[in-house]
Amino acid sequence: MSLNRKYIPIVVTILLFIIMFVAGSFRYTGFFSLQVLMNLLIDNAFLLITAVGMSFVILSGGIDLSVGSMIALSTMVSASLVQQHGWPPVVVIPLVLLMGAAFGSGMGAIIHYFKIQPFIVTLAGMFMARGLCYVISIDTITIDNSFYTAVAQTKITLPGGSFISISAIIALIVAAVAIYTAHYTRFGRNVYALGGSEQSSLLMGLPVARTKIMVYTLSGLCSALAGVVFTFYMLSGYGLHAVGFELDTIAAVVIGGTLLTGGVGYVLGTFFGVLIQGVIQTIISFEGTLSSWWTKIVIGLLLFIFILLQRVLSARGSSLKR
Amino acid sequence: MSAQEPILQMTKIHKRFPGVKALCDVDLRLYPGEVHALMGENGAGKSTLIKVLTGVYSIDEGKVEMEGISISINSPLESQAAGISTVYQEVNLCPNLTVAENIFIGREPRRFGRILWKEMNRRAAEILSERLNVQIDVTEPLRMYSVAVQQLVAIARALDISAKVLILDEPTSSLDQNEVQQLFRIMRKLKQDGLAILFVTHFLDQMYEISDRVTILRNGEFVGEYMAKDLSRLDLVLKMIGKELSLLEDLPSLAEDYKDSFGEVMVKAENLSRKGAIEPFDLSIRKGEVVGLAGLLGSGRTEAARLFFGADKPDSGKLIFPGGSEGVHTPREAIKRRIAFCSENRKTEGIIGDLTVRENIILALQAKQGVFRTLSRKQQDEVAVEYIRMLNINPPNPDHLIKNLSGGNQQKVLLARWLLTAPQLFILDEPTRGIDIGAKAEIQKLVLSLSRQGMSFLFISSELEEVLRVSDRIVVLRDHCKVKEISDKDMNQQNIMQAIAGG
């Protein structure tokens, strides 16, 4: 059975990850280990969580530029409430998540009901969230709350001696739930339909308004969760956290094989898109002499390749079969 | 089957839009197990009637009954719930989703909220193969298939929803001959299954091939409901355009007898065609000749004219010009070759309402000269005054805003604009539509006198008398095909009408 063409981008993504990982293993001693693989997840947990939310937005034909700022705002609110006001984390974390979801659904409602491009609305959201960080404080707020430090330092040992962090587990759960949602629920399929054609979705009687607002709510929620995880990782709140991070997220989604025009792609692809970004960073740190900016260069090249690949595939897809 | 009651009955439907009566006293009866054709020229009210039936528009007056029970339809969803499903001309599905999903999305089979893909694919394949006789891989994205297959998928979706009444809105307009036959086989099968099908088309041949009953509309009014087999082609056409054959008198042609003495060929189309617009046709126009294009609205007249001007790109064929140069051209090149095109959409493609008469007149000339050779205000005024006098434009004030002029005078300004570029071939698409009798006669006279001075014309009009009056030769189009060329003594209304009706 020949490979269905719709799976080509995701297969390319997965193969690319495997090739990079294998290449790294041959070149550097100590690279080929479960721990290196786990570290990819540990170091990129917040990227994975954000990218999962972003996948839904891009699949629906939209874009969300506010995610980086939302992460910063989440770290800031968490740090401020826990550290300066002494609120318990068990209250703060749900509050931060709620804030992210509300922020996202607000943007979604504006996008849908006023028919404004998502780019502009979320750009405004990006500036607003970033600005709000500085209302709280212009300085870094370091967290020494015992819950946060405990979560940050917890290492769950896996059979074989390697370990994984709580953040990575959260990210894996988010990704798994998202894959199920995208493929097996009506909401998920409506997102794909919306990305395929909004006009048709309306005429087919699908809940376009609800789906669209939900997508941005989900992205807001995911970025707030990523902010919480980022707080565990950095143990601080700061207005300059995750600057430009929305672009890394979009890059991960696109390298994962999702079409920027919407309707085509898989959350699993995003998962590997994130791992590819991680593996590039790992290779560069193993290399030792290269500047970390090489990460950006390689990611830039990969983006070009993937966009071209999609163009070629969709051009061939339009040669019809009877 | 004729003894049955109609499943859907619409009585005395009225629909008004601001300033327009879109539907007036229209009846429609759909019987189970029948294909019912809805015929009429463009603008006859077919689309409005369908939109009323599908809940896009609400009716102002009248009654809709489904299986004898009065219903009101206020939204597409309500229409669907009542058992009326529609497949639109442009397929309204999601090309990125699989065939199966497109049939089931919004109604996917689920267990505990989880979509059962296997079940969905199985049922999709079942619907397609059992009800439509189509075997395709339902797990492929829809965009992998041709428009014809996409349309079948849309029909499958409609059938699965609940349909008792299936509306097919111009389904054949983007299909080729084989695909049309496939669609017809499916329609026959659905008919046997007891479905009532409303088939909207402007193809006469297709109507006769598939329909049992036909309702004809004209200008938003109900003309009548007939059994297709009892209605001759000629009667059908006469009813669509609203004439009685006995009343067709022979008007003396203003054009002189067809002469072989016309000059060289100005432009010759060879095998020119565009998919969905006009089938391949040949046509040459000679210097000083007026060629009339006759046919029903929607028969491909405008489409043919646009190919001559280069406004659309042909799929096949070429244009040959004097001196042997040939090829497909763009409107810009057409203007360089001194071809002018006066579009039928005066308001949207012609006049610029907020500019003055003078500015509207000089527009094309200025465009031809380019921005660097601006006409001085004095030249502009001279030109404008000259043409206002020549064409008798009223009011004779070059600084009047054109939107305040009457339709006939706007049309004259447009003619002036193009005449100023001294065209050798002038394509006029419905130049006299919606203007008063006096202005009409003036425009017709102008065409004749200019042609005697050596200008060639391609003249399109829905009014047969007018085409007859000005043309030296008449080309008849039917169902997007050139079917006949009529010249000399054969040019009379009966002959043209026969050619338009065909078969």
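The values are calculated or read from the model by the stated rules, or taken from the named source; none is laboratory data. Since the structure is predicted, the reported quantities are computational estimates derived from the model, not experimental observations. Here Cβ is always computed from backbone atoms with ideal geometry, including for glycine, and neighbour counts include all displayed protein chains.
Just a few scattered comments:
- Restricting the stretch A:151-185 to residues that are over 21 Å from A:Val229 (Cα atoms) and surrounded by fewer than 19 Cβ atoms within 10 Å (Cβ to Cβ) leaves a set whose member that is nearest to the other protein chains (Cβ to nearest Cβ) is A:Tyr184.
- Selection of first residues in the stretch B:404-426 that are on the phi > 0 side of the Ramachandran plot and of second residues that are at pLDDT 85 or above, restricted to Cβ pairs under 7 Å at least 6 apart or on distinct chains, gives the following pairs, ordered by first then second residue: B:Ala422/B:Arg338.
- Test: B:Glu359 is surrounded by fewer than 17 Cβ atoms within 10 Å (Cβ to Cβ) and closer than 25 Å to B:Arg389 by Cα: no
- Test for A:Val121: is it more than 25 Å from B:Ile115 (Cα to Cα) and either more than 14 Å from chain B (Cβ to nearest Cβ) or surrounded by 14 or more Cβ atoms within 10 Å (Cβ to Cβ) (or both): yes
- Hey, A:Leu95 within 14 Å of chain B (Cβ to nearest Cβ) and within 25 Å of A:Ser219 (Cβ to Cβ) or not: no
- Within the stretch B:6-37, being in contact with a Gly (Cβ under 9 Å, 6 or more places away or on another chain) and basic (Lys, Arg) holds for B:Lys12, B:Lys15, B:Lys21.
- Within the stretch A:193-220, residues that are in contact (Cβ under 8 Å) with a residue 12 or more places away in the chain and more than 7 Å from chain B (Cβ to nearest Cβ) reach partners that are acidic (Asp, Glu) and assigned to a helix (DSSP H, G or I) with beta carbons closer than 8 Å, at six or more positions or on different chains, in the pairs A:Val208/A:Glu198.
- Matching helices (runs of 4 or more DSSP H) fully within the stretch B:83-178 where at least 3 residues are more than 13 Å from chain A (Cβ to nearest Cβ) and surrounded by fewer than 19 Cβ atoms within 10 Å (Cβ to Cβ): B:117-132
- Among the residues making up the stretch B:52-75, a single one is buried (at least 19 other Cβ atoms within 10 Å of the Cβ), within 14 Å of another protein chain (Cβ to nearest Cβ) and on the phi < 0 side of the Ramachandran plot: B:Thr54.
- Listed by first and then second residue, the pairs linking a residue in the stretch A:126-151 that is farther than 29 Å from A:Tyr216 by Cα to a residue that is part of a loop (DSSP other than H, G, I, E, B) and of a type in the set (Val, Ile, Thr), with Cβ atoms under 9 Å apart and 6 or more places separating them unless they lie on different chains, are A:Thr149/A:Ile143.
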